[in-house]
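The values are calculated or read from the model by the stated rules, or taken from the named source; none is laboratory data. Computed from a predicted model, the values in this text were never measured in an experiment. Glycine also receives a Cβ, built like all others from the backbone with ideal geometry; neighbour counts cover every protein chain displayed. Remember, those area values only see protein heavy atoms, side chains included, never the ligands or the DNA or RNA. Shrake-Rupley method; radii C 1.70, N 1.55, O 1.52, S 1.80 Å.
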Amino acid sequence: VKGGFETFMEKEIHDQPKAVADTLLGRHDEAGNLVLDELRVDESVLRGVDKIVVVACGTAAYAGHVAKYAVEHWCRIPVEVELAHEFRYRDPVVNVRTLVVAISQSGETMDTLMAVRHASEQGAKVLAIVNTHGSTIAREADAVLYTHAGPEVAVASTKAFLAQITACYLLGLYLSQVRGYKYPDEVAGYLEELGKLPGKIEQVLEQEEDIKAVARAMQSNTSVLFLGRHVGFPVAMEGALKLKELAYIHAEGFAAGELKHGPIALIEPGQPVFVIVPTPRRPLLHQKVVSNIQEVRARGARTLVIAEEGDESVEEFAEVIFRVPRTPTLMMPLVTVVPLQIFAAELAAAKGLDVDQPRNLAKSVTVE
Ligand code: F6R
């Protein structure tokens, strides 16, 4: 059942190229037009949407944060991302012109379900991005875009996360197509790039042994920080969450720009800091993050850097570099999160912990 791997999580990390490919499968025609008939929402409804609110919890919420960057850029629709349990108990501004997107692997998360019900009561259209067919959230939503990650057994989410991000890209490109914002060839171009992602994830997986060796040497660490900017920010938060839940190590993900507003006070010699570096093809973004590596390095931090192949500017300040293939900026999370998943799983295994079933956690949280 574990496909020759020690744990389900390891297997699921290796299933990721397929999870992304399967989620893309059959969703566009040969000319590169998205065909999402399964949504069953009238295109006129989608054209009338003036705001999107993503509701989700945990890892699924981080997928929503990635969606915000992509959907706003591709569609010019404002996107808010809110933890489902926070959305539910305030007085959110949602109405018939709001599209609420609920993201959930299990489709049974009670917090997310209650947010879906609350949104429906306000007249919003609810679209669910769900992995489990026939689950409660899928049934109660007005429309469903299924992720095709296959069953996820390990409690900590990995392949479902990549499939959720992929589905969010499909939704963003579809909205752009329906609303006539991006030119058809631009949508087709993005789809072509997305189609290359499974192979790129495969390339990251080839560095597995190097990542594991670094993880094993860090068993005695009690605190790890993660920095990212733009779409690297949700990746930093996800890297921290994986490390907390699997290895029981205190970890925090920050927006790299926040460093100087407080967190830099935490940096002392020996503090491990992961930094997710944007592509050098976005020089403004890139340069700022490289400066952050320099700043923490100058204060004695151990810098573990995730950077694009061929980006030499990080070499001087990085203790360790994990490379990801050249990828369009908005799609980088699909490759940059993979080393962080491998790192957390291996560190937990090295500590003798149960990687698939961390303490105190359940695979689907069916209580509020
Ligand atoms: C973290 C993790 C959780 C879930 C969250 C939402 O690894 O698995 O944070 O992402 O509980 O679960 P779903 O997606 O089933 O609604």
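I want the local charge near K200. Using Cβ-Cβ distances under 12 Å, sum +1 for each Lys or Arg and -1 for each Asp or Glu among the other residues.
So the environment of K200 carries a net charge of -2.
Sort 146-153, 262-269 by the packing proxy (mean of other Cβ within 10 Å over each peptide's residues), most packed first.
Taking the mean over residues of other Cβ atoms within 10 Å, the ranking is 146-153, 262-269.
Sort out for me the Cα centre separation of the range 195-225 from the range 245-268, rounded to whole Å.
So the two Cα centres are separated by 19 Å.
Take each complete run of DSSP H in the chain, measure how far its Cα atoms stretch along the helix's own axis, and keep only those covering 18 Å or more with mean Kyte-Doolittle hydropathy at least 1.0; list them.
For the chain, where a helix must reach 18 Å along its axis and average at least 1.0, the hits are 333-350.
Mind listing the long-range amide H neighbours of V324? Cut-off is under 5 Å, sequence gap 5 or more, other chains count too, H placed in the peptide plane at 1.01 Å from N.
Under 5 Å from the amide H of V324 lie the amide H atoms of A307, E308, E309, each far enough along the sequence or on another chain.
If Lys and Arg each add +1 and Asp and Glu each add -1, what is the summed charge of the other residues whose beta carbon sits under 11 Å from the beta carbon of P78?
Overall, the nearby charge balance is 0.
Is there a pair in K242/K288; K11/K68; K159/K288; K68/K182; K196/K244; K51/K182 whose C-alpha atoms are over 23 Å apart, and which pairs would that be?
Too far apart for the 23 Å limit: K242/K288; K11/K68; K159/K288; K196/K244.
Find how many whole Å separate the alpha carbon centroid of the range 41-72 from the alpha carbon centroid of the range 160-184.
The range 160-184 and the range 41-72 have Cα centres separated by 10 Å.
Take the Cβ-Cβ distance between S44 and F5 as r, set R0 to 41 Å, and report the resulting FRET efficiency rounded to the nearest 0.05.
Calculated value: 0.30.
Just how large is the dipole of the chain about the Cα centre, in debye to the nearest 20, putting +1 at every Lys and Arg Cβ and -1 at every Asp and Glu Cβ?
600 debye
Whenever you get a sec, compute what percent of the accessible area on the chain sits on carbon and sulfur atoms (1.4 Å probe).
That fraction is 50 percent.
Return a whole-number percent for the relative contact order of the range 1-106, with Cα pairs under 8 Å and 6 or more residues apart as the contact set.
Averaging sequence separation for qualifying contacts and normalising by length gives 27 percent for the range 1-106.
How far apart, in nm, are the 7 Å Cα→Cβ label points at E368 and H133?
Output for this residue pair reads 3.2 nm.
Could you tell me which of rounded, prolate or oblate describes the range 280-342, using a ≥ b ≥ c as the square roots of the eigenvalues of the alpha-carbon gyration tensor, with rounded for a/c under 1.5 and, failing that, prolate when a/b is larger than b/c and oblate otherwise?
Taking the square roots of the gyration eigenvalues as a ≥ b ≥ c, the range 280-342 is oblate.
How much net charge surrounds L39 when only the other residues with a Cβ under 12 Å from the Cβ of L39 are counted, with Lys and Arg +1 and Asp and Glu -1?
Surrounding charge for L39 is -2.
Roll a 1.4 Å probe over the protein chains and send me the accessible area per residue for the chain in Å².
40 Å²
Sequence gap at least 6, Cα distance under 8 Å: using those rules, report the relative contact order of the chain to the nearest whole percent.
About 19 percent, as a whole number.
Any idea what the dipole of the range 268-368 comes to, in debye rounded to 20, about its Cα centre with Lys/Arg Cβ at +1 and Asp/Glu Cβ at -1?
Dipole of the range 268-368, to the nearest 20 debye: 180 debye.
With the chain treated as a Gaussian network of Cα nodes joined by springs under 10 Å, which of V231, V79, V93 yields the largest mean-square fluctuation?
Greatest mean-square fluctuation among the candidates belongs to V93.
Which one, V20, L205, L361, projects farthest toward the positive side of the charge dipole computed for the chain from Cβ point charges (K/R +1, D/E -1)?
Selected residue: L361.
Once the range 1-100 is represented by equal point scatterers at the alpha-carbon sites, with solvent omitted, what log10 I(q)/I(0) does the Debye formula produce at q = 0.10, 0.23, 0.25 Å⁻¹?
Results for the range 1-100 at q = 0.10, 0.23, 0.25 Å⁻¹ read -0.42, -1.28, -1.33.
Report the residue, chosen from K260, K244, K125, that carries the largest GNM mean-square fluctuation when the chain is represented by alpha-carbon nodes joined by springs under 10 Å.
Looking only at K260, K244, K125, the biggest GNM fluctuation is shown by K260.
Using Cα springs under 10 Å in a Gaussian network model of the chain, which residue among T222, T327, T279 shows the largest mean-square fluctuation?
T222
Taking amide H atoms as placed 1.01 Å from N in the peptide plane, list the residues 5 or more away in sequence, or in a different chain, whose amide H sits under 5 Å from that of R302.
Amide H neighbours of R302, under 5 Å, 5+ apart: G270, Q271, V273.
Report D for the chain in µm² per second (integer): Stokes-Einstein, Kirkwood Rh on Cα pairs, 4 °C, 1.567 mPa s.
63 µm²/s
Might you report the magnitude of the Cβ-based charge dipole of the range 175-268 about its Cα centre, with Lys and Arg at +1 and Asp and Glu at -1, to the nearest 20 debye?
Approximately 280 debye in magnitude.
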